[in-house]
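One structure is given here, and the rest of the page talks about it.
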Amino acid sequence: MAKHLQDTTTLHNGIKMPWFGLGVFKVEEGAELVLAVKSAIKHGYRSIDTAAIYDNETSVGQGIHEAILENQISREDLFVTSKVWNADLGYESTLAAYETSLNKLGLDYLDLYLIHWPVEGKFKDAWRALETLYKDGRVKAIGVSNFQVHHIEELMKEATIKPMVNQVELHPQLTQKELIRFCKEQGIQIEAWSPLMQGQLLDHPILKEIADKHEKSIAQVILRWDLQHGIVTIPKSTKEHRILENSAVFDFELSKEDMARIDGLNQNHRVGPDPDNFDF
């Protein structure tokens with residue numbers, strides 16, 4: 001159980017990944033994003049998650065570099081994730097996309113590189129490229145995003161390395177129980193994107209009741225629920241007070257009853273695309 005913002009889970013290859021990080025989906029390049037990354041790192045965050053398609057890797061990289069200098073930490077203290085986009089899935093194109101992401105971020109390596117979506121007919125070639133990057137020591141860990149059970153099973157028919165992480169949409173109205181069970185059996189760490197359902201759960205009456213009981217915000221309750229389920233979580237925010245608030249989840253614990261009530265909110269409802277019906 002994570003007790004501190006910098007606590008880590010150990011991936012199946014031995015690499016340590018923070019349980020909690022900053023997501024930057026839908027945050028544009030610019031000063032606001034640079035400041036958000038710097039604020040997060042200043043306040044103890046050590047994991048930053050971006051992607052090529054977010055079109056903000058340059059500002060993320062700038063924020064990382066400035067934060068390293070200002071907080072007297074090293075690159076090795078941070079865990080930086082990016083993802084290869086659908087248009088670049090393929091062996092050579094994925095290798096090239098990795099270099100592009102590194103150049104934009106201004107980094108020598110990534111801690112985690114993911115296939116963003118399971119595009120049929122393409123993700124196996126992309127995975128071979130990720131395996132090459134991993135075997136060559138260019139990236140510390142590799143994984144997938146938005147993969148359902150059958151996608152992972154298909155990938156593993158030819159893969160020589162099992163994904164270390166599967167980052168998926170996951171929140172109280174999309175609890176992904178079967179996928180979590182499968183990934184746990186396989187030793188694949190589940191990571192939640194859109195853990196707060198893009199703000200749509202922040203006035204939910206049951207969550208409010210639980211939050212009031214613990215004198216916490218609804219966001220804090222949801223993020224705590226993630227952690228107690230053994231799920232890595234990366235809430236997005238650009239505002240310093242919210243970045244601080246989101247991470248203040250290590251000083252309370254949800255009861256078994258609280259957890260069950262939140263689990264019971266599942267409706268298999270997505271705010272993002274369905275991986276099985278996405279027009280890639």
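The values are calculated or read from the model by the stated rules, or taken from the named source; none is laboratory data. This is a predicted model, so every value here is computed, not measured. When we count neighbours, we look across all protein chains shown, and the Cβ atoms used for this are built from the backbone with ideal geometry, even at glycine. Only protein heavy atoms, including side chains, enter the accessible area calculation; ligands, DNA and RNA are left aside. Shrake-Rupley method; radii C 1.70, N 1.55, O 1.52, S 1.80 Å.
Looking at (1) part of a helix (DSSP H, G or I); (2) open to solvent by 10 Å² or more (accessible area, probe 1.4 Å), can you tell me which one T94 breaks?
Going through the list (1) part of a helix (DSSP H, G or I); (2) open to solvent by 10 Å² or more (accessible area, probe 1.4 Å), T94 breaks only (2).
Is one or more of the residues making up the stretch 165-172 open to solvent by 50 Å² or more (accessible area, probe 1.4 Å) and in contact (Cβ under 8 Å) with a residue 60 or more places away in the chain?
No, that holds for no residue.
Restricting attention to the stretch 174-183, does a residue exist that is within 29 Å of V37 (Cβ to Cβ), of a type outside the set (D, E) and touching a Ser or Thr at 6+ places or on another chain (Cβ under 8 Å)?
Looking for residues that are within 29 Å of V37 (Cβ to Cβ), of a type outside the set (D, E) and touching a Ser or Thr at 6+ places or on another chain (Cβ under 8 Å), one finds none in the stretch 174-183, hence no.
Out of the stretch 232-270, which residues are among the β-branched types (V, I, T) and either under 19 Å from E178 (Cα atoms) or open to solvent by less than 20 Å² (accessible area, probe 1.4 Å) (or both)?
V232, T233, I234, I243, V249, I262
Give all pairs with beta carbons closer than 6 Å in which a residue from the stretch 241-263 that is over 15 Å from P195 (Cα atoms) meets a residue that is crowded, with 21+ Cβ neighbours inside 10 Å; count only pairs at least 6 apart in sequence or on separate chains.
Note: pairs meeting the criteria are L254/R224; D258/I210.
Exactly one condition in (1) at pLDDT 95 or above; (2) open to solvent by 10 Å² or more (accessible area, probe 1.4 Å); (3) assigned to a loop (DSSP other than H, G, I, E, B) is not met by L35; state its number.
The failed condition is (3).
So which of A51, A67 ends up being among the small types (G, A, S) and either surrounded by fewer than 16 Cβ atoms within 10 Å (Cβ to Cβ) or within 18 Å of the chain's Cα centre (by Cα) (or both)?
Of A51, A67, the one residue that is among the small types (G, A, S) and either surrounded by fewer than 16 Cβ atoms within 10 Å (Cβ to Cβ) or within 18 Å of the chain's Cα centre (by Cα) (or both) is A51.
Looking at the stretch 146-161, is at least one residue crowded, with 24+ Cβ neighbours inside 10 Å, within 30 Å of I218 (Cα to Cα) and not small (G, A, S)?
yes
Among the residues of the stretch 98-119, count how many are free of Cβ contacts under 8 Å to residues at least 12 places away in the same chain and either hydrophobic (A, V, I, L, M, F, W, C) or closer than 25 Å to L155 by Cα (or both).
Looking only at that region, the number is 2.
What number of residues within the stretch 187-213 are in contact with a helix residue (DSSP H, G or I) (Cβ under 7 Å, 6 or more places away or on another chain), over 23 Å from V80 (Cα atoms) and either open to solvent by 10 Å² or more (accessible area, probe 1.4 Å) or not in a helix (DSSP H, G or I) (or both)?
Final tally of qualifying residues: 5.
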